[in-house]
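Trainee: So that we are looking at the same thing, I have put the structure below in structure tokens.
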Amino acid sequence: MARYELRFKPSVAKDLRDIPQADVRRILARIDTLRDDPRPPGSEKLSAQERYRLRQGNYRILYTVADAEVTVEIVKVGHRREIYREP
């Protein structure tokens, strides 16, 4: 299986600034695992959108998968109580 390319929306950098460094390291390590398996056990497809959710402690990683382009785009990272709220 091909390794997927990771892409980040520019807003993800802002999302990560508000998270403690220890958690950011764990989140980035979890994101890196998406290169080999973009739909790992524990990930869920969100019903209302073409996105997937991955849990890392109290934080959630929202991302899209483009199989034709072999890319994973990280859309948003945030605390579980705030991640699904629209701005």
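Residues checked against (1) touching a helix residue (DSSP H, G or I) at 6+ places or on another chain (Cβ under 8 Å); (2) among the β-branched types (Val, Ile, Thr); (3) exposed (fewer than 11 other Cβ atoms within 10 Å of the Cβ); (4) over 15 Å from residue 4 (Cα atoms):
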| position | (1), (2), (3), (4) |
| --- | --- |
| 30 | no, no, no, no |
| 33 | no, yes, no, no |
| 40 | yes, no, no, no |
| 43 | no, no, no, yes |
| 60 | no, no, no, yes |
| 69 | no, no, no, no |
| 72 | yes, yes, no, no |
| 76 | yes, no, no, yes |
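Trainee: When you scan segment 56-78, how many residues do you find that are touching a residue at least 40 places away in the same chain (Cβ under 8 Å) and part of a strand (DSSP E or B)?
Mentor: 10
Trainee: Follow-up. Output the number of residues of segment 18-69 satisfying the condition of being of a type in the set (Lys, Arg) and touching a His at 6+ places or on another chain (Cβ under 8 Å).
Mentor: Qualifying residue count, segment 18-69: 1.
Trainee: Still on this structure: Collect the residues in segment 1-55 that are part of a helix (DSSP H, G or I) and aliphatic (A, V, I, L, M), keeping them in residue-number order.
Mentor: 12, 13, 16, 22, 24, 27, 28, 29, 31, 34
Computed from the coordinates by the stated procedures, all read-outs in this text should not be read as laboratory data. All figures in this text were calculated on a predicted structure; none of them were measured in a lab. Glycine also receives a Cβ, built like all others from the backbone with ideal geometry; neighbour counts cover every protein chain displayed.
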